[in-house]
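Worksheet: the structure to be examined is printed underneath.
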Amino acid sequence: MKTLDIIAPIKLLPEDFGGESDFEGLSRSLISIEDGVIKAVRPWDKEFAPDDTLRLGLVLPEFLDSHTHLDKTHSWGRAPNVSGTFQEAIENLHRDKENWTVEDVYQRSNYGLQCAYGYGTVALRSHVDTGIGWAERSYEALAQLREEWRGKVEVQLVSLASVEDYDSPIGQDLADLPVGYGAKAIGGMPVMNPKLDKQLDRLFQFAAERKVGVDLHVDESGDRAADCLRAVALAVMRNEFMGTVVCGHCCSLAVKPIEKQLEILRLVKEAGIRVVSLPMCNMYLQDRKLEGDAIQTPYWRGITLAHEFMEQGTPFACASDNVRDAFYAYGDYDMLEVYRESLRVGHLDRRLPESLGVVTSAPARLMDLDTEGFGVIRPGSPARLASYQAESLSELLSRPCVERSFWDGEGFSKRDVPAYSEIGDLKTVTS
């Protein structure tokens, strides 16, 4: 049994913790660990601190990244997006797919997972571009990595396909392919069209039959007329779907009239939908103005209604999304960076004590890992903990290179993040 004297977010401690917290929501605590599991959590009291108690600063559960694209990752050198637009990203990555062999996807994705693990991510969900006749290569590589990383990073796969294709002759095959590789959910990117309700009904039917969830890219634009989130909520209730439903992006919700926002917020809550925002990628893509030769400043930053979702109790997470590919030129699978930027962009400091939930407890719910104790520091939870050289959230967020170490069973040790040289010729631009 090992006892740690730590500073931790009270919102991630047991509900009956009973201790006091400061204005940032942090509380000094004692936790006991045995055989890799947290056995007890109590407010700090010298009486309960053994002589060999390990005194630390800020300690958090390791992060969960609930929306990524491992199959696309680190392809920027081959398929850069010069204009930074959504359309060029689609076109460039479509051309780059000819390079997506099993070995290529494995190498790029494995490098991404090494980065994620080095920064302290314990679980990661990847969307996988899915089409009949070619996506098997990506699934083969990612399914192999899922097994190789088991015990370090819990890797989940979900499909990304054209939602209209589910209501077509290839619909059943499109649903069977990812499930055959152990996908946790099927999904895609719905677009507004007269047959959207029918297409969504087929998707939910396929998911129910295969006993998997649904995970969708929804309304990733600044178009006020985009109304797929509302359509998805109604489809969940119309089909009485009982599985987990996640909707990512939901950008256009932020530019709708207030009465429309309130209606959709209510429907999302009623349908039990969980929401993930991707602030870094959407800041990069949204509101790029390409009129003539003038370069114009964007007027809005693409984040959805974070506070409104959190206020009504909708599970709300933030995640990496694309990393160094045509949809987002930057990123490194560092969820501390995601948290830092999400807090600044979305003004999550207005609810600072609960803000860390967007990269811990909330993504655990989105990924159905909350029942396994991920994303919290509570008795019965796995002791997957990160210790930071900081004693407050202000200190944590003010230094981009804040030192961190991770519980290894005996104490805290550092991890390496791989050098860019390890991805070799993947940085080379090919014709």
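For the chain, modelled as a GNM with alpha-carbon contacts under 10 angstrom, which of GLY18, GLY36, GLY213 fluctuates the most?
GLY18
Once the convex hull of the C-alpha atoms of region 365-423 is built, how many Å³ does it hold per residue, rounded to a whole number?
Hull volume normalised by residue count: 158 Å³.
I need two numbers for region 275-431: Rg to one decimal and Dmax as a whole number, Cα atoms only, in Å.
Both quantities, over Cα of region 275-431: 18.1, 61 Å.
Could you give the radius of gyration (one decimal) and Dmax (whole number) of the Cα atoms in region 218-355, in Å?
Using the Cα atoms of region 218-355, the pair Rg, Dmax is 15.4, 51 Å.
Under a 5 Å amide H to amide H cut-off, with H placed in plane at 1.01 Å, what residues pair with ARG274 once short-range neighbours are removed?
Hits under the 5 Å cutoff: VAL245, VAL246, CYS247.
Quick one: if the Förster radius is 30 Å, what FRET efficiency do GLN144 and SER83 give, using the C-beta to C-beta distance and rounding to 0.05?
Between GLN144 and SER83 the formula returns 0.30.
Using the Karplus curve 6.51 cos²θ - 1.76 cosθ + 1.60 with θ = phi - 60°, work out ³J(HN,Hα) for each residue of region 277-282 in order, rounded to whole Hz, and write x for Gly and Pro.
9, 10, x, 5, 5, 6
Send over the semi-axes of region 10-138's equivalent ellipsoid, whole angstrom and largest first, taken as the square roots of 5 times the C-alpha gyration tensor eigenvalues.
Each semi-axis is the square root of five times an eigenvalue, giving 45, 16, 13 Å.
Please tell me which of these pairs span more than 24 angstrom C-alpha to C-alpha: LYS184/LYS260; LYS152/LYS184; LYS198/LYS289?
LYS184/LYS260; LYS198/LYS289
Packing-wise, with mean Cβ within 10 Å as the measure, how do 111-121, 276-286, 164-174, 195-205 rank, highest first?
The packing order, highest mean first, is 276-286, 111-121, 195-205, 164-174.
Once the Cα atoms of helix 335-346 and of the chain are each reduced to a long axis, what angle between those two axes, in degrees from 0 to 90 to the nearest 10, is obtained?
70 degrees
State the three equivalent ellipsoid semi-axes of region 104-256, derived from the C-alpha gyration tensor as the square roots of 5 times its eigenvalues, in descending order and whole Å.
27, 18, 14
Over the chain, what lengths in whole Å, largest first, do the semi-axes of the equivalent ellipsoid take, defined as the square roots of 5 times the eigenvalues of the alpha-carbon gyration tensor?
35, 25, 22
Going by alpha carbons, how many degrees (0 to 90, nearest 10) lie between the helix axis of 196-210 and the longest principal axis of the chain?
50 degrees
Zone of THR371 (label point 7 Å along Cα→Cβ, backbone N under 16 Å): which residues in region 244-276?
Answer for this model: 244-245.
For GLU259 and MET1, what does the FRET efficiency come to when R0 = 41 Å and r is the distance between their Cβ atoms, rounded to the nearest 0.05?
Plugging the Cβ-Cβ distance into 1/(1 + (r/R0)^6) gives 0.15.
Which ³J(HN,Hα) values in Hz, rounded to whole numbers, follow from the phi angles of region 358-364 under the Karplus curve 6.51 cos²θ - 1.76 cosθ + 1.60, where θ = phi - 60° and Gly and Pro get x?
Listing the rounded values in order: 5, 10, 10, 5, 5, x, 4 Hz.
Taking only Cα atoms and a 10 Å spring cutoff, compute GNM fluctuations for the chain and point out the largest among SER421, SER126, SER75.
Maximum fluctuation in the GNM of the chain, among the listed residues, is at SER421.
Can you tell me the 0 to 90 degree angle between the C-alpha axis of helix 136-148 and the longest principal axis of the chain, rounded to 10?
Around 10 degrees separate the two axes.
Of HIS94, HIS67, HIS307, which is the most mobile in a GNM of the chain whose springs link Cα atoms less than 10 angstrom apart?
Judging by the Gaussian network model, the answer is HIS94.
Given a Förster distance of 35 angstrom, what is the FRET efficiency for TYR299 paired with ASP16, based on the Cβ-Cβ distance and rounded to 0.05?
Calculated transfer efficiency: 0.15.
Please report Rg over Rh for region 258-333, where both radii come from the alpha carbon positions and Rh follows the Kirkwood definition.
Dividing the radius of gyration by the Kirkwood radius yields 1.07.
Read-outs throughout are calculated quantities, based only on the coordinates presented, and are distinct from any laboratory measurement. All values derive from a computational prediction rather than experimental measurement. Glycine gets a Cβ as well: all are built from the backbone with ideal geometry, and neighbour counts include every protein chain shown.
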